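Right, one structure below, let's go through it.
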Amino acid sequence: MAKKHAKMPRLNWHSAFYEAIQMELDKYANNLTFESEHQLTTEPLRVDVLIIKKNQGTIISEPIASHFLSNNIVEYKSPGKSFTPIDYHKACAYAHLYVSLNKCAVDETTLTVVTQRKPVGVFKYLRQKEHNIVEDAPGIYTVEGHMFPLKIIENEHLRKSDAMWLRGLRKNAAGSDLHDLINSIDRKKKECARAYLYAILMANPDAVREMEAKHMSTTTLDQVLDEIGLTKIWEARGEAIGEARGEARGEARANKNLSIIFKGIVNKTPIESLAEQTQLTSKEVEDIISNVFGGYKV
């Protein structure tokens, strides 16, 4: 009989993006209100992120948000998805609908689209409509002459100095990139960035292996998983301390088992092998994969 392997759970890139853009603009947190999946109507029409600028006198120097006005709509395309001319029209429709429903001025509303790669088809379409496209910085484009200010951000070519957190939302990160991102977040804030850290760790198995081998001299993977809150999720189910079988494994063992199972997922290790390594049953391992990793919610 074929062995059952640990499967990679579906990643919630949009929750990761919501946390990333808040970290990018953290120093303006007192002047910005963030809302994830702002609902436009009673029907399921939502913009990915709505950012309200409270004080119009505040100047935002970050190039990804230097165009922000009162109402700022941000649409995000996760890795592997393209931003097409059809998507462009949809994003513009959302912006127009928001303006209409909230009775706000078009000239106080901006649209920002974040996508992994350069949207060649959209740029071609916009140029045909006589819009000039200016690259303000690597990966950051302003569309001139648009009805409302429009920026298109190409994650793949962003500079770390311009948008470290957005740049990190990718599937081809290096081990050093992951190490830098993890160590740039204050320990107390790691749980606030759990969707972000979870997504980049799960999406980059080769980088995780490289990071552990070359870069983790002071912080272990066990500690990272604990700091982003996955240990708490496991403990809440009674799995970490073995309540189901009346065994006291202790916190250190719980953290170690989490990292073993995490690496098992990224390496597609057979369930039976993970059960042997963690001294859990195959059913317990599957339950952890489903409810701690695959069933992970922000």
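The values are calculated or read from the model by the stated rules, or taken from the named source; none is laboratory data. Because the structure is a prediction, the values reported are computed rather than measured. Note that we place each Cβ from the backbone using ideal geometry, even for glycine, and neighbour counts take in every protein chain shown.
Some values worked out for this structure:
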| quantity | calculated |
| --- | --- |
| Filter result (touching a helix residue (DSSP H, G or I) at 6+ places or on another chain (Cβ under 6 Å) and part of a loop (DSSP other than H, G, I, E, B)) within region 61-82 | PRO63, ILE64, LEU69, SER70, SER78 |
| Test for PHE34: is it in the same structural domain as PHE148 (by TED's automatic domain parsing) and in a strand (DSSP E or B) | yes |
| Within region 265-280, considering residues that are over 22 Å from the mean Cα position of the chain (by Cα) and surrounded by 18 or more Cβ atoms within 10 Å (Cβ to Cβ), the one nearest to LEU201 (Cα to Cα) | THR269 |
| Single match in ARG159, ARG117 (criterion: of a type in the set (Lys, Arg) and in contact (Cβ under 8 Å) with a residue 24 or more places away in the chain) | ARG117 |
| Among (1) outside any helix (DSSP H, G or I); (2) in contact with a Phe, Trp or Tyr (Cβ under 9 Å, 6 or more places away or on another chain); (3) hydroxyl-bearing (Ser, Thr, Tyr), the one test that TYR125 misses | (1) |
| Filter result for ASN155 (assigned by TED's automatic domain parsing to the domain that holds VAL106 and polar (S, T, N, Q)) | yes |
| Odd one out for TYR296, checked against (1) at pLDDT 80 or above; (2) buried (at least 17 other Cβ atoms within 10 Å of the Cβ) | (1) |
| Hits in region 70-95 - residues which are touching an Asp or Glu at 6+ places or on another chain (Cβ under 9 Å), surrounded by fewer than 18 Cβ atoms within 10 Å (Cβ to Cβ) and closer than 16 Å to LEU126 by Cα | LYS90 |
| Per-region count, region 31-69, residues under 17 Å from LEU150 (Cα atoms), of a type outside the set (Asp, Glu) and surrounded by 19 or more Cβ atoms within 10 Å (Cβ to Cβ) | 9 |
| Hits in region 118-152 - residues which are hydrophobic (A, V, I, L, M, F, W, C) and either outside the structural domain of ALA95 (by TED's automatic domain parsing) or over 18 Å from the mean Cα position of the chain (by Cα) (or both) | VAL120, VAL122, PHE123, LEU126, ILE133, VAL134, ALA137, ILE140, VAL143, MET147, PHE148, LEU150 |
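Residue-by-condition table, conditions (1) over 19 Å from TYR76 (Cβ atoms); (2) at pLDDT below 90; (3) in contact with a Lys or Arg (Cβ under 8 Å, 6 or more places away or on another chain); (4) crowded, with 19+ Cβ neighbours inside 10 Å:
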residue: LEU166; (1), (2), (3), (4): no, no, no, yes
residue: ASN172; (1), (2), (3), (4): no, yes, no, no
residue: LYS190; (1), (2), (3), (4): yes, yes, no, no
residue: MET211; (1), (2), (3), (4): yes, yes, no, yes
residue: LEU221; (1), (2), (3), (4): yes, yes, yes, yes
residue: GLU227; (1), (2), (3), (4): yes, yes, yes, yes
